[in-house]
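Enquirer: Below: one structure in structure tokens.
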Amino acid sequence: MHAIAINGSPRKNHNTATILKHALDGAASAGATTETVHLYDLNYKGCTSCFACKRKDTKNPGRCAMKDDLTPVLEKIMNSDVLLLGSPIYLADVTGEMRSFIERLIFPIISYDDYNKPVFSGKISSAFFFTMNVPQEIFQYYREFLESHPKTLERTLHGSSEYLPVFDTYQFNDYSKYAAAMFNETHKAKVKAEQFPKDCAAAFEIGKRLAQKE
Ligand SMILES: Cc1cc2nc3c(=O)[nH]c(=O)nc-3n(C[C@H](O)[C@H](O)[C@H](O)COP(=O)(O)O)c2cc1C
């Protein structure tokens, strides 16, 4: 039983990484071995439309043919049981690095013969953790699009997939140094002290539950 966390934030010790750490701790509490990959440490690109993965004579069905730092990570994921993805929301979507990573993971296992029959024959349970600055009331504008990510994971990786939105995150270490009058530091500090620990606990439970299911 192996659980792998993919951090799509450039920051290794902030909101997204913290949430992922709790999710991995939950998986570990259920007996999983765990590891974290920070996407911003890697040199890679998104899909380049080479279509090697769609060739009839491909020797590696379901695998991306591009060779770069992401190649061993994608291979590890295919041999894992639980996939935990975390991304800050950048301009109402996941970060560019996370998006490129998803292209490389998912496009090779989408079949152009039959969209409903992905090439991957294994089963990986997954969860997506989205951290964002906006409060919960604004999430309605993001919901439909962000929910498409776990749906895609579920359809292509065959395991269950769920998501946890984490709202109103604390962005800066010191709000007084930034021109950010739209945000009330006192409110942000309160959310960080009261709600964020609950989000971390929820992430722990998700990691634990997914690892127990496998
Ligand atoms: C380039 C950029 C774009 C952002 N766009 C949004 C956005 O559209 N909506 C939102 O709620 N937060 C947005 N944020 C805030 C981050 O999503 C939020 O602070 C997140 O929790 C940061 O995660 P981290 O602490 O792991 O880096 C943006 C931040 C940056 C740097």
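Enquirer: Which aspartates and glutamates have a Cα less than 13 Å from the Cα of Lys56, not counting those fewer than 8 places away in the same chain?
Expert: Asp113
Enquirer: Work out Dmax and Rg for region 1-53 from the C-alpha atoms and quote the Rg first, both in angstrom.
Expert: For region 1-53, the Cα radius of gyration and maximum Cα-Cα distance read 14.0, 41 Å.
Enquirer: To the nearest 10 square angstrom, how much accessible area does Val119 have with a 1.4 angstrom probe?
Expert: Rounded to the nearest 10, the figure is 70 Å².
Enquirer: Right, something else. In sequence order, what are the phi-derived ³J(HN,Hα) couplings for region 81-88 according to the Karplus relation 6.51 cos²θ - 1.76 cosθ + 1.60 with θ = phi - 60°, rounded to whole Hz, with x for glycine and proline?
Expert: Values, residue by residue: 9, 10, 10, 10, 10, x, 8, x Hz.
Enquirer: Kyte-Doolittle mean at least -1.0 and Cα extent at least 30 Å along the axis: which DSSP H helices of the chain qualify? Spell out each step's value before the answer.
Expert: Working: long enough: none.
Membrane-span-like by this rule: not one helix.
Enquirer: Set Lys and Arg Cβ to +1 and Asp and Glu Cβ to -1, take the dipole of the chain about its Cα centre, and tell me which of Thr33, Val191, Leu146 lies farthest positive.
Expert: Most positive-ward Cα: Thr33.
Enquirer: Assuming R0 = 22 Å, what is the FRET efficiency of Met1 and Tyr142, from their Cβ-Cβ distance, to the nearest 0.05? Please report the intermediate quantities before stating the final value.
Expert: Values: r = 32 Å, r/R0 = 1.46.
Using R0 = 22 Å, I get an efficiency of 0.10.
Enquirer: Just want to confirm a number: the relative contact order over the chain, from Cα pairs under 8 angstrom separated by 6+ residues, in percent.
Expert: Over the chain, the number comes to 29 percent.
Enquirer: Tally Lys/Arg at +1 and Asp/Glu at -1 over every other residue whose Cβ is under 13 Å from the Cβ of Tyr90; what's the total? Walk me through the numbers before you get to the answer.
Expert: Numbers: positive: Arg11, Arg99; negative: Asp93, Glu97.
Charge balance in the 13 Å sphere: 0.
Enquirer: Same structure again: Once you charge only the Cβ atoms, +1 for Lys and Arg and -1 for Asp and Glu, what is the size of the charge dipole of the chain about its Cα centre, to the nearest 20 debye?
Expert: My answer is approximately 400 debye.
Enquirer: Once neighbouring chains are kept in place and the probe is 1.4 Å, which whole percent of the accessible area of region 34-180 is contributed by carbon and sulfur? Working shown, then result.
Expert: Working: 3840 of 7750 Å².
Within region 34-180, the accessible surface is 49 percent carbon and sulfur.
Enquirer: Separate question: Ratio to report: Rg/Rh of the chain, with Cα atoms as the point set and Rh obtained by the Kirkwood method; give two decimals. Mind showing how you got there, number by number?
Expert: Working: Rg = 17.7 Å, Rh = 17.9 Å.
With Rh from the inverse mean 1/r over Cα pairs, Rg/Rh is 0.99.
Enquirer: With all protein chains present, calculate the accessible area of Phe167 using a 1.4 Å probe and round the result to the nearest 10 Å².
Expert: Accessible area, nearest 10 Å²: 30 Å².
Enquirer: State the extension gain, in nm to one decimal, for the chain segment bounded by Cys50 and Tyr175, taking 0.36 nm per residue of separation less the distance between their alpha-carbons.
Expert: Working: separation 125, 0.36 × 125 = 45.00 nm, distance 4.51 nm.
Gain on stretching Cys50 to Tyr175: 40.5 nm.
Enquirer: What's the extension gain from Thr58 to Asn116 if we count 0.36 nm per residue and subtract their Cα-Cα distance? Write down the numbers at each step before the final one.
Expert: Numbers: separation 58, 0.36 × 58 = 20.88 nm, distance 2.01 nm.
So the chain would gain 18.9 nm between Thr58 and Asn116.
The values are calculated or read from the model by the stated rules, or taken from the named source; none is laboratory data. From a predicted model like this one, the values you see are computed outputs, not experimental measurements. No Cβ is skipped: glycine too gets one built from the backbone with ideal geometry, and neighbour counts run over all protein chains shown. These area figures cover heavy atoms from the full protein model, side chains too; ligands, DNA and RNA do not enter into them. Shrake-Rupley method; radii C 1.70, N 1.55, O 1.52, S 1.80 Å.
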